[in-house]
Each structure stands twice: as C-alpha cells, then as structure tokens.
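Report on the following structure.
The values are calculated or read from the model by the stated rules, or taken from the named source; none is laboratory data. Source: prediction; values computed, not measured. Positions of Cβ are generated from backbone atoms using ideal geometry, with glycine treated the same way; all protein chains shown enter the neighbour counts. Side chains included, ligands, DNA and RNA excluded: accessible areas come from the protein's heavy atoms. Shrake-Rupley method; radii C 1.70, N 1.55, O 1.52, S 1.80 Å.
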Amino acid sequence: MKYNRLFLLVAFIVCFVTKSFSQKGNYRISNGIGITGGITQFDITTDNFITKSSNGFVGGLSSTVDIPNRWYNISFGMQLSESSIDISARPTQLSNSNSNEFIDYKMFAAQVAMLMHIKVVPEYFTIGIGPMLQYNGKLELKDEANKGYYINNYSNLTAEDITNISQFNINGAIGASVGVKNFKLKAQYIYGFTNILKRLNSETIDASGGVNSFKGNQSMLVLGGIISF
C-alpha cells in the first residue's frame, strides 16, 4: 500500500503545529498531538450484495489547534486501518443461494481528516465533525480458496470479480470523545459519500442475474482511545 504521500502530508502538518504557542489578541493558542488506537466495525451499504459487518483495527496520529476561550478547536490527523467485511456467496453456480455462507474480505485504508471539535465540556467532553479523504486498497480475500465462489444475487459473478473497488473516496466523520486532558475514550462514525463500488462498473465482469449498476457506501464505526501530549 502506497500511503507515503498521505503520511508525509500529515507529518508535515503535525510538525508545523506541534508543541508551539502563539498569541492572537488575548487568546493563547496551544497545540498538541494525539495518538489514537482502537477497533473498527466496517460494512458497505449496497443493494448489490448481502453483507455482514465485521471487525478490524485502527491506529493514527492527530494534531490539535486549541483556543481556550473559544467553543471549538480544530484537529488534523491521519489514521491507518485494516477492516473486514463478510459477503454472502455460494461454492458453485448451482448451490442454494439461501445458504447464506459468508466469505471474508479485508481492506486496508489511510484516512486524512480535518475535524472541528465542539467543546461541550472543555477538556472533558467534545463532539467532532468534518470531512475525510480516504485512499484504500482493493478488497482482499482472507482465504484464497474462496476466490472461485459465486456471489449471491448474481448468476456468474465470482468472489474475485468484485475485489477491484474504487480506491479514492470522500467520507464524512462524526464522533465524540470523553475523558481527562491527556486520555480520552473515542467513538466515531464514518460514512462514505462517494460510491466505493463505482470502479466495478468499468470492469469486464458478468453481472447477469442481478443489478447491473454497482453502488455502495461504506460505513465504519471506530471505538478506541486517544493519548494526548
């Protein structure tokens, strides 16, 4: 996965604002960094496939610009994740499609976000919202033995056919964090505004027996913690 450009961009932002102090009028603007880790629950909302959300993990780095006498602060950050999703399939074309056998996929992603955090209770409880850019890899089968399975809702579509999803996506994120100054618990919901399955529409694949146009929006729930410095 080529995350180097995204990582360098966020590293530059962090280095630019970390541990610096400035004066603007009567406000003392302070900056710091945070290290995030947690678990994810990932799914794709689509009419094309029968999906089931599954768990993964996430880790990241963020930089926060805080103005004490204002009702908000701003953060810039990047997080790397490995998420999983289960999609209903059958071992042969003639197998019973109602068997609901799920095969496992995983997806690596790098997400860069700029969030505004509303200080509900300053230093203890905030609500964050903002846009997020995402670069992700293809869907990868966890078990190569499943690549010849046939996706339910389609006659001839195989598990390997649907791996080449769109790799650049735009998301929206909303969440909350609660705790003390240097450690907070975090819950965040990420929704994909763009069609993560769009690239499948340009692939030469057999979509007979099902919906010919592929459309899906990712959803990701993140639960974790933040250590701040």
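Please verify whether F57 is at pLDDT 95 or above, open to solvent by less than 20 Å² (accessible area, probe 1.4 Å) and closer than 30 Å to T158 by Cα, treating the condition exactly as stated. In short, no.
For the stretch 170-225: of the residues being β-branched (V, I, T) and without any contact (Cβ under 8 Å) to a residue 40 or more places away in the chain, which is most open to solvent (accessible area, probe 1.4 Å)? Break it down stepwise before answering.
Restricting attention to the stretch 170-225, the residues satisfying the condition of being β-branched (V, I, T) are 170, 174, 178, 180, 190, 194, 196, 204-205, 211, 222.
So of that shortlist, the ones also without any contact (Cβ under 8 Å) to a residue 40 or more places away in the chain come out as 170, 194, 204.
On the way: I170: 83, T194: 46, T204: 144 Å².
Per the criteria, the residue is T204.
Residues in the stretch 109-126 that are surrounded by fewer than 19 Cβ atoms within 10 Å (Cβ to Cβ) and touching a Lys or Arg at 6+ places or on another chain (Cβ under 9 Å): K119, E123, Y124, F125. Looking across K142, K186, K106, one residue alone is under 30 Å from D66 (Cβ atoms) and of a type in the set (D, E, K, R). It is K186. For the stretch 97-120, the candidate set comprises residues that are closer than 15 Å to T158 by Cα, modelled with pLDDT of 95 or more and not aromatic (F, W, Y); within that set, the residue that is farthest from the chain's Cα centre (by Cα) is I103. When I44, I118, I74 are checked against the criterion of being touching a Phe, Trp or Tyr at 6+ places or on another chain (Cβ under 7 Å) and not acidic (D, E), a single residue qualifies: I118. Within the stretch 61-84, is there a residue that is open to solvent by less than 20 Å² (accessible area, probe 1.4 Å), over 28 Å from V120 (Cα atoms) and of a type outside the set (S, T, Y)? Checking the stretch 61-84: not a single residue is open to solvent by less than 20 Å² (accessible area, probe 1.4 Å), over 28 Å from V120 (Cα atoms) and of a type outside the set (S, T, Y).
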